[in-house]
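Data first, discussion second: the structure below is written as structure tokens.
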Amino acid sequence: MDIVLALGGGGAKGNAHLGVLRALEKEGFHIKAVAGTSAGGMAAAVYAAGFNPQEIIDILAEVKQSDLYSFGRGPALLGMQGITDTLRKFIDEETFADLRIPCALTAVDVESMREVVLKKGRVLDAVMATIAIPGVFPPKQWGEQLLVDGGVLDPVPVQIARSLAPGLPVVAVTLSPPPEKWGEFPVPKILPSTPILQPIAKLRVAQAFDVFVRSLDMGMYMLAHTRLELEKPDVIIRPQVADIGTLDKVDVAEVAARGDVAVEKALPQLHKAVNWRGKVRRWFTR
């Protein structure tokens, strides 16, 4: 049962991707390629490097999350040295050519205002680009391009995943709730949930920035929904993680378990996508 994955962005919510990967493997699905944006890009890269999901969960559970962030320099609230050091446990000098399966990450060039697909070069550099939330983390220089978080334009990279393995069913994992649920969950605040930023959380400029970032999240909900409607993945898996903020301190294993639950709920659609009827449908809709 071969599939290709498109993993969406969502900061700390992205730990749910690890549970999705674990459950899909347990159910006998073979992931032949993976594309990811932001937190989904991080999960995609580490998985494509050959680490099994439970191994990733166990390693991340031992990481002190308060050490992931530092005060930023330049046009960013936070630096990413702690994240970089953590990622080096999985990927360091590896290039995309070294990965076990095809993988692509997305970013946005702030100069040309265009999406950039990253699938060549050093994987760690590509991950640092795809997770560079504007204003929160510093942009990543990539040749002559200045790159930020791919979720700005492509929250769940369905078309990119489809291009990696034409003919296979595309399973999209989105970390945003469906439109009918948007009003049920308050949008989590960014600053108060991040220990290093708590001393400045009550400043007027910090509160204004928090409103801006939360508004950006809501816009990305709508963008994700619209693109999923247009690009029509074969299956949508939607872990219930709307209560988690982008930079929240979380129990990695607990959030991953939400991914397992989401896969279980989606099993009928997954099996339908890989049967012969699904193959015929994809053949005539390409």
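The values are calculated or read from the model by the stated rules, or taken from the named source; none is laboratory data. Just so we're clear, the structure is a prediction, and the values are computed from it rather than from any experiment. Cβ sites come from the backbone with ideal geometry, for glycine too, and all protein chains shown count toward neighbours. Heavy atoms of the whole protein, side chains included, go into the accessibility calculation; ligands, DNA and RNA do not. Shrake-Rupley method; radii C 1.70, N 1.55, O 1.52, S 1.80 Å.
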Residue count, the stretch 140-166, condition in contact with a helix residue (DSSP H, G or I) (Cβ under 9 Å, 6 or more places away or on another chain), assigned to a loop (DSSP other than H, G, I, E, B) and open to solvent by less than 40 Å² (accessible area, probe 1.4 Å), comes to 4
Looking at the stretch 50-64 only, could you name the residues that are of a type outside the set (A, V, I, L, M, F, W, C) and either in contact with a Ser or Thr (Cβ under 8 Å, 6 or more places away or on another chain) or surrounded by 18 or more Cβ atoms within 10 Å (Cβ to Cβ) (or both)?
PRO53
What number of residues within the stretch 1-19 satisfy the criterion of being surrounded by fewer than 24 Cβ atoms within 10 Å (Cβ to Cβ), of a type outside the set (Asp, Glu) and touching a strand residue (DSSP E or B) at 6+ places or on another chain (Cβ under 7 Å)?
2
Can you tell which of THR174, THR130 is out of contact with any Leu (no Cβ under 6 Å at 6 or more places or on another chain), in contact (Cβ under 8 Å) with a residue 24 or more places away in the chain, among the hydroxyl-bearing types (Ser, Thr, Tyr) and open to solvent by less than 10 Å² (accessible area, probe 1.4 Å)?
THR174
Checked the stretch 81-118 for anything open to solvent by 70 Å² or more (accessible area, probe 1.4 Å), more than 23 Å from GLN145 (Cα to Cα) and not in a loop (DSSP other than H, G, I, E, B); matches are ASP85, ASP98
The residue that is farthest from ASP217 (Cα to Cα), considering only those in the stretch 144-177 that are of a type in the set (Ser, Thr, Tyr) and within 15 Å of the chain's Cα centre (by Cα), is THR174
Could you figure out which of (1) open to solvent by 20 Å² or more (accessible area, probe 1.4 Å); (2) modelled with pLDDT of 90 or more; (3) of a type outside the set (A, V, I, L, M) isn't true of PHE284?
(2)
Can you report the number of residues in the stretch 151-190 which are touching an Asp or Glu at 6+ places or on another chain (Cβ under 7 Å) and either modelled with pLDDT of 90 or more or closer than 25 Å to PRO102 by Cβ (or both)?
8
How many residues of the stretch 59-87 are touching a residue at least 24 places away in the same chain (Cβ under 8 Å) and either closer than 13 Å to ALA132 by Cβ or not hydrophobic (A, V, I, L, M, F, W, C) (or both)? The answer is 16
